[in-house]
Each structure stands twice: as C-alpha cells, then as structure tokens.
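Structure record follows, encoded as structure tokens.
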Amino acid sequence: MSAVAVEGVWKYYGDYPALRDVRVEAAPGTCLALIGRNGAGKTTLLRIIAGFSTAQRGKIKIWGKEPREAETRRQLGFLGHGISVYDELSALENLTLFGKLYGLPDPRKSAHEWLERTGLERVRNGLVREFSRGMRQRLAVARAFLHDPSVLLLDEPFTALDDRAIAVLQRLLREALAAGKTIVMSTHQLREALELASHVALLSRGQLAFHGARTPEMVDDPGYVYARYGEGG
Amino acid sequence: MPAAFLFAATVWAAAIAAVVAVIASILFLRTRNFFYDALALAVTEIGLLLLAAGIVTGAIVGHVAGALWWTWDPRLTSALVCWLLYAPYLMLRAAIEEPSQRAASAAVVSLFAFFDVPLAVAAVHWWLTRHAAPAQPAGVAQSAWWSILPVVMLGAVLSWVRLRREQRRRAADAERRSAQTV
Amino acid sequence: MRYVRQIGVIMVKDLRAELRTKEALNASLAFALMILLLFSYTFDPTQEMMREISGGLLWIVFAFAGTLTLNRSFARELPNDCLDALIAAPIPASALFLGKCFASFVLVLAVELVSLPVFGIFYNVHWTAQLPELILVLLLGTWALTVIGTIFSALTVNIKLREVMLPMLTYPVLMPALMSAMRITTVLVNGAPIGADELDWLKMLIGFDVIFTAVSLALIETVLVG
C-alpha cells in the first residue's frame, strides 16, 4: 500500500479546473518532490492531500484511508506557508497545546524534546511574537514533527528560511526518511529539495506532466525536468 | 389587482422561494453540483425582489388607510424581518470571490435563515399582538388564490431567467480564469 | 471523555490568549459601559420609561458588545495560519467549535456581569429582585448570541469585509432570541416573576438555543473545510 495515493483528482474553482485528473503515489519511506510553476497547482494539491479542501472528483488515500479521518490526521504533519503557532503563547505552550490536540501521552515531555531538537529550549518560555524570524520557523518545524507523523506534507518549506532553519529542517527530514517516514514536498528551491528527494513529480497547469524516480541529471541541472517535460525552463 | 392583495401574494411567493432555496442549498452541499447553487441564488434574489415590492406596497396601503408610514402590523413587520434574514445572503455572495467557497458559505446561510423564519415570524407576532396594540388597517393581509398564482408564476419566470444568467456568467468566469494562467 | 478534554484544550487556549492581550475584552467592556453611560445621559429616562425598556437596552448593549468578542473567535486563528493547524489536528470540528463557543461565552458573560451593576447604578434600577431567573435568561440569551456569533465567525473568517459581514449575518438570525431575552429580562428587572406569557418566550429562547446549536454542530465541518 502506498503511503499517499492521489487517484484521479480534479479540483474546480467554479467552472475552472485547477487540477485535472492528477494521479500520483508516494511509496512509504520515499520523498516526493512536487515541482511546477506558480499557479500549476502544487499548493492546491498539497492542501487537498492534507484535507484542508476537498477535490470534486477523485480520491486521496493516506495509508488507504481518507485524509479527514481522525486516525489519518494523527499520521499527517503539515508545514504550510504560515508558521501555524500562536504569537500570544510561549514556544513551550504552543507545542504542549499541539501535543494535547494530537493526543500525545506526555505532551510536555514531547514539547521539551522538540524544543531541544530545534535549538529552542533556552527560549521555551518566550512569547512567539518576540521571536526572530528564524526562531519562528524552527518552532513551526517543531510543531509539524511533534507528533511523529508518518507522512509529512511540506509546502515550499525552504522558501524564506534562514540558514540555521534550513540546516535544522534538512537534518530533520533526513532523519525522518531514515526512520521510514514518507515526505511530499512542493518546492521552488529545486536544489535543496532534489537532494532529499527520491522521486519527482512535475505539475503543469493542473496536470501531471512527469512522475518518476529522481535521476542524477535532475540534481545536476534542476531545470532539466522543466525543459524535458514541462513548458521549458 | 388591488394593491392590498399584492402584499399577501408576494409573501406566498417569497415563502415558496425560501423552500426552494433551502432544498437547493442542501442539494448543493450534498452533490456540489453548481446548478443547485445557481438555483438557490436565483430564487433568493427574485424572492427578495418580490417581497420588497410587496412590503413597500403593504406600507403604502397602510399609510393611505391609516395615517402612519409604518403600521407595525405583525404580518408586514415579520415580512420585513424575513427580508432582513435573506438580504445578507446576497451580500455574503458579493464578498466571496472563490466560487466553491461562495456557494458553500451561501448554502449554510440559506439554511440558517430558513430555520429562523418560523421563530422570527412567531416572535414578531407575539411581540406586536401581546405587548402593543397598533391599529391594524384593513387590506394589508387579504389574500386570494387568484392573486397569488400570477405572482408566483412571475417569480418562477424571473427566477428561471436569473438562473440562466447566472449559469452564463459562471461559464464566462471560467473562461476568464483559464485565460489568465499562462 | 477525550472529546470533552479536547473541547477543554481549545477553550483554555482561547481564554489564555485573550487574557494575555485583553484586546477584545477591553474593547467589549469599554463599548458596553460607554453605551450605558451615553444612553443614560442623553435620554435621561424616567422610572416609567425604564420599566418599559430595561430589557431592550440591556440586550442591545450585550449583543453589540458581545459581537466585538465573537468577531475575534475565529479571526484570532488567522495570523500565522493557525486555523490550518487546528483543522489538521485530529479533533472533531465540533469540538473545535464548542471549545471556542465556551471560551467566548465566558468572555461575553463576564462583560455582561460587569455591565449589570453599572446599569443598576446609572439608571437607578434594582435589578436583583428576581436574580436566579435573571441569571438563567442571561445564560440562555448569551448562549444564543455565542452560538450564532461563533458559527458566523467561522463562516466569515477569511472573506473580505469580515467585520461588516459578521453583524449583518448575526443580528437578523438572532432576532427571535434577542426579543425573547429582552421581554423576559424587562419583566424580571421590574421585579415580577416569570408568568405564563414569559414562559412562552422562555420556550422560544430554549428552542432557539437547541435548534441552532444542533444546526451549527451539523454544519461546522462544512463551514471550515468546505
């Protein structure tokens, strides 16, 4: 069974199809890089996989189940454009909150653990609104990984990260892959993503233009996929 | 027809429109077929239009008969309250760009408005008949089947025209969106 | 049980966040007190007038001040895209909804309980004659306000002109509940017990609460996820 299966998904905004018959899979333990131009539908697709919106046609299966089922949601970690943590709460309060929402056996302990792993233990009681940009991003990453999800969905995660946050995220993603987690990551920053990816899917105007294993050519020349399968670098 | 009958006829037409709207809204939420969204919009808009005409007529008739501009007649007032329940439906639609979200949100509002109608009508009637005693001018609420049917049919025709216009507008909108992405 | 705990987590989060900044609370309280003061000063109502309008005045103040709090309910999830994280979390949308309802309920009720003594002072009204019944109406009416305000706060959370749309949607739907609460409150503040007439209004208020709580719970998932 694949970890993530997108089966014939169509998404309409009114009468306009943003996604057209998209079929793609991510096998367990793989990292799928979702690439494409702005407006190609990467964010739309990711959000449908995550269960934030529903496709009019087709299905999403996460470990064979619907994204909105409680068990499935427990398995999903999502990192979107926003950091999804509360400015008025402290780092520790934020992570403890999400720990409780995800039903972790010891939310506080997990919160401390992840503050350590993202280098935020010393500022754990500081309010997020006083954090620097990089600290906020690291906290966002901690939140996404906190409940040990088996499937990680990341929407352009490397965009606008500072160097320290990029390093933290890359380390965590490599550890996650080594532990057998599945990652689907949309990206503009081809190099960072392609280094981690085992598979690549190219979305062009809502349709899947290419889906296959990542090859060395792709890492050497990130524009390769666009040139070969898309509308030209 | 005598103006006095218009009010009652439009109330009937509006009530039918509300029922059609709520059924269409529920069907939209279940099937996500945009035909139902267009239908709900069309009947709600035409229903509001006819009801407004009826309320204005009712107020004028009341004014001529009595001396006040607004008579706080229970039926006239509850018609106004129901109008105020559904008017935000149109405003909400204008405030949401994205068609799927607009349709779903509007359907929810239509449901809330529908469930509120019986409560609002009862509340207005209780309030005005138990705690105040306005002079009720004759003629505001007379109804006769022969005045209701033409108004309802007018409403149906106008709704159908509005429905077609909405469908054409949506098709043009989709064209425009696909032209925009290069 | 887990469901109840989840509601509690959301409720505590909202209350903690609000009590840290007190933005909505201060605005709501200031608004309520200001209207009460302004009305008493500009209209200078007689005891006779007060017998007629006390319920109406109080509930207009409660509804308008309450909306300032209710508007924040889902709007507070917008910065940083926190709403996404809540929707993604494995808690039922109804638990999220109820948690926020209870938090708003507490905040709106707090403003009301402060407004009542102020009302008594400025208008020279002895409002404690039928206190238990008054508290009951306060709770039922505030719940109506909270439920409708919260579901429409969720509905309007990411549309333009949210602050305009929320009152436009909320007040018409609330009308039967407000009228019931106003009617019963006027009678109670005047010192009379709940009679047969008020009982009808009470039934309407309770019916309103039950119906719209049920409708909101049924529709919240649709409202949030689409």
Here the qualifying pairs (Cβ atoms under 8 Å; residues six or more apart or on different chains; first in region C:85-96 and at the interface with chain A (Cβ under 7 Å from one of its Cβ atoms); second hydroxyl-bearing (Ser, Thr, Tyr) and part of a loop (DSSP other than H, G, I, E, B)) come out as C:Ala85/A:Ser84; C:Ala89/A:Tyr102; C:Pro90/A:Tyr102
Being buried (at least 21 other Cβ atoms within 10 Å of the Cβ) and touching a Ser or Thr at 6+ places or on another chain (Cβ under 6 Å) narrows it down to one of B:Leu76, B:Leu41, B:Leu50, so name that one.
B:Leu50
Subset of region A:177-208 [charged (D, E, K, R) and in a loop (DSSP other than H, G, I, E, B)]
A:Lys181, A:Arg205
Where in region C:43-150 are the helices (runs of 4 or more DSSP H), entirely inside, with at least 2 residues that are more than 12 Å from the chain's Cα centre (by Cα) and farther than 30 Å from A:Glu66 by Cβ?
C:47-75, C:93-123
Has region B:30-49 got any residue that is modelled with pLDDT under 95, among the β-branched types (Val, Ile, Thr) and part of a helix (DSSP H, G or I)?
yes
Kindly list, by first and then second residue, each pair from a residue in region C:106-124 that is over 18 Å from C:Lys22 (Cβ atoms) to a residue that is in a helix (DSSP H, G or I) and of a type outside the set (A, V, I, L, M), limited to pairs with Cβ atoms under 8 Å and residues at least 6 apart or on different chains.
C:Phe119/C:Ser54; C:Phe122/C:Ser40; C:Tyr123/C:Ser40; C:Tyr123/C:Ser54; C:Asn124/C:Gln47
Of the candidates A:Thr72, A:Thr96, the one satisfying the condition of being modelled with pLDDT of 95 or more and either in a strand (DSSP E or B) or surrounded by 15 or more Cβ atoms within 10 Å (Cβ to Cβ) (or both) is A:Thr96
If you go through region A:32-52 one residue at a time, do you hit one that is in a loop (DSSP other than H, G, I, E, B) and more than 14 Å from chain B (Cβ to nearest Cβ)?
yes
Filter result (of a type in the set (Phe, Trp, Tyr) and either in contact with a Gly (Cβ under 9 Å, 6 or more places away or on another chain) or surrounded by 15 or more Cβ atoms within 10 Å (Cβ to Cβ) (or both)) within region C:35-52
C:Phe39
Which pairs turn up if I take residues in region B:85-97 that are at the interface with another protein chain (Cβ under 7 Å from one of its Cβ atoms) and look for partners that are among the basic types (Lys, Arg) and in a loop (DSSP other than H, G, I, E, B) with beta carbon separation below 8 Å, at least 6 apart in sequence or on another chain?
B:Ala95/C:Lys160
Which condition number does A:Arg174 fail, the rest of (1) farther than 29 Å from C:Ala17 by Cα; (2) in a loop (DSSP other than H, G, I, E, B) being met?
(2)
Conditions first: (1) assigned to a loop (DSSP other than H, G, I, E, B); (2) among the aromatic types (Phe, Trp, Tyr); (3) within 17 Å of C:Val173 (Cβ to Cβ). B:Tyr86 passes all but one, so which condition is the exception?
(1)
Can you tell which of C:Gly207, C:Gly195, C:Gly149 is of a type outside the set (A, V, I, L, M), in contact (Cβ under 8 Å) with a residue 24 or more places away in the chain and either more than 10 Å from chain B (Cβ to nearest Cβ) or surrounded by fewer than 19 Cβ atoms within 10 Å (Cβ to Cβ) (or both)?
C:Gly149
Does region C:180-192 hold any residues that are surrounded by 19 or more Cβ atoms within 10 Å (Cβ to Cβ), more than 14 Å from the chain's Cα centre (by Cα) and among the hydrophobic types (A, V, I, L, M, F, W, C), and which are they?
C:Ile184, C:Val187, C:Leu188, C:Val189
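The values are calculated or read from the model by the stated rules, or taken from the named source; none is laboratory data. Since the model is a prediction, treat every value here as computed from it, not as a measurement. FYI the Cβ positions are ideal-geometry reconstructions off the backbone, even for glycines, and counts take in every protein chain you see.
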